[in-house]
1. Take the conditions touching a Phe, Trp or Tyr at 6+ places or on another chain (Cβ under 9 Å), of a type outside the set (Asp, Glu) and surrounded by fewer than 20 Cβ atoms within 10 Å (Cβ to Cβ) and apply them to Gln157. Does it pass?
2. Need the failing condition index for Phe106 against (1) more than 16 Å from the chain's Cα centre (by Cα); (2) within 29 Å of Val175 (Cβ to Cβ), just the number.
3. Being of a type in the set (Lys, Arg) and at pLDDT 95 or above is the filter here, so list the residues in segment 61-79 that pass it.
4. Please find, among Lys130, Lys120, Lys140, the residue that is under 27 Å from Glu75 (Cβ atoms) and of a type in the set (Lys, Arg).
5. Of all helices (runs of 4 or more DSSP H) completely enclosed by segment 46-139, which ones contain at least 1 residues that are among the aromatic types (Phe, Trp, Tyr) and outside the structural domain of Asn25 (by TED's automatic domain parsing)?
6. Return a yes/no flag: does segment 58-70 have any residue that is touching a Gly at 6+ places or on another chain (Cβ under 7 Å), touching a residue at least 60 places away in the same chain (Cβ under 8 Å) and either farther than 21 Å from Asn107 by Cβ or of a type in the set (Asp, Glu) (or both).
7. Taking strands (runs of 3 or more DSSP E) that do not extend beyond segment 200-257, which have at least 2 residues that are modelled with pLDDT of 70 or more, out of contact with any Pro (no Cβ under 7 Å at 6 or more places or on another chain) and not assigned by TED's automatic domain parsing to the domain that holds Asn86?
Amino acid sequence: MNNSTVIVGLSGGVDSSVAALLLKNQGYKVVGLFMKNWEDDDDDEYCSSKQDLLDAVSVADKIGIDIEVVNFSKEYKEKVFSEFINEIKSGKTPNPDILCNSEIKFNAFLNHAISMGADKIATGHYAQIKEADGLYSLLKADDSTKDQSYFLYRLNQHQLSKSLFPLGNLLKKDVREIAKKEGLHNSDKKDSTGICFIGERPFTEFLNKYIENSPGPIKDEHGKILGEHIGLMFYTLGQRQGLGIGGSKRAMVSLGL
């Protein structure tokens, strides 16, 4: 019997649910924790945070563990969202999920879990951690189609040493099968996709709330004007769709100020 306490980040999805279930079956003392990382989604048609919480609570009840809800929206906006907006304004294409993992899920969440008496934290990420001579290495998951190690590359030695990824050696289809066999109601729940705080809403529509449009001309390599853009920050290098210039085969397009 393993008497270590593990606090699992329960998102309401099938992956974190099965992660919690597997750890409980291994003898760990498991507690679920639902993170609320975005304050403006309670009445938003594009977000599912209310349903996600209901699913997380239902899973916790089904497998027999306690669950706590913690609001990290302040930390998220300060450490993740503000950086995301700054990167967008500078013409870059950031991935906020990477920063969310290093600053929220494996920092704010980890610190909170330790204050609750946890020995480790766990999530439903598809990745693996190996330890050798006190050095922790982040490895790819066995399921190459679901591997999430890239999104975790910023984790430091302390964060890795305190983390467990129970799904690292499983295939996604097997995870769903375990959930179904154990009677978890979310066994067929759709995987979350896209940027967490944007949800299913159109990307440009969301950014318009935080960044003012700054239109300008779209030109080809010879300076010929092909159309007009709504702001450089709404596009990325190599983008071909959504430019509004028809089926142009030109290899080089310039978005001017």
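1. In short, yes.
2. (1)
3. Lys62
4. Answer to the selection: Lys120.
5. In segment 46-139, there are no helices (runs of 4 or more DSSP H) which contain 1 or more residues that are among the aromatic types (Phe, Trp, Tyr) and outside the structural domain of Asn25 (by TED's automatic domain parsing).
6. The answer is yes, given that some residue of segment 58-70 is touching a Gly at 6+ places or on another chain (Cβ under 7 Å), touching a residue at least 60 places away in the same chain (Cβ under 8 Å) and either farther than 21 Å from Asn107 by Cβ or of a type in the set (Asp, Glu) (or both).
7. By residue number, 216-220, 225-229.
The values are calculated or read from the model by the stated rules, or taken from the named source; none is laboratory data. The structure displayed is predicted, hence computed values, not measured ones. Using ideal geometry, Cβ is built from the backbone for each residue, glycine included, and neighbour counts are taken over all protein chains shown.
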